[in-house]
């Protein structure tokens, strides 16, 4: 609908704001924690993390849900190089991001019985979209 009205693809920041309003407008019937990832206006990767009432925060990486407490330290270490001496964070390429997501979900699935054994992580690119579920 947006693309028909504006003749352009909806930017990630607009999708993030729309998701925040959608969660707030529902009068809290669902206890969900969303994460939205995309590219900002400069083409740099961005992640929006939402709490269950729709408040959003822009981050470089994030984890939430049943295994969020197990996945976040892995991302802090591998993507953010946090609490590491004399180390700079790696440049996160598409391939590295997909590998980190895969490794994080495998690690969580082995340790948490509440974690689904499958993830949906579609990969959008210039040539279209890959399903990316495992």
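Just so you know, all these numbers are worked out from the coordinates, no wet-lab data involved. Treat the numbers as computed from the prediction; the structure is a model and nothing was measured. Methodologically, a virtual Cβ is constructed for each residue, glycine included, from the backbone with ideal geometry; neighbour enumeration extends over all protein chains shown.
With an 8 Å cut-off on Cα pairs and a minimum separation of 6 or more residues, tell me the relative contact order of segment 57-97 in percent. Can you show the working numbers first?
Working: 22 pairs, mean separation 9.6, N = 41.
Once divided by the residue count of segment 57-97, the mean separation gives 23 percent.
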Return the distance in nm (one decimal) between the two label points of a simple spin-label model at residue 60 and residue 41, each offset 7 Å from Cα along Cα→Cβ.
-> 2.3 nm
Pair residue 113, residue 98: separation of 7 Å Cα→Cβ label points (nm) = 3.4 nm
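Quick check: residue separation of residue 88 and residue 3 times 0.36 nm, minus the Cα distance between them. What number comes out in nm?
26.7 nm
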When ranked by the protection proxy of mean other Cβ atoms within 10 Å per residue, highest first, what sequence do the peptides 6-14, 50-58 form?
-> 50-58, 6-14
Under a plain spin-label model, where a point goes 7 Å from the Cα along Cα-to-Cβ, how far apart in nm are residue 15 and residue 74?
-> 2.3 nm
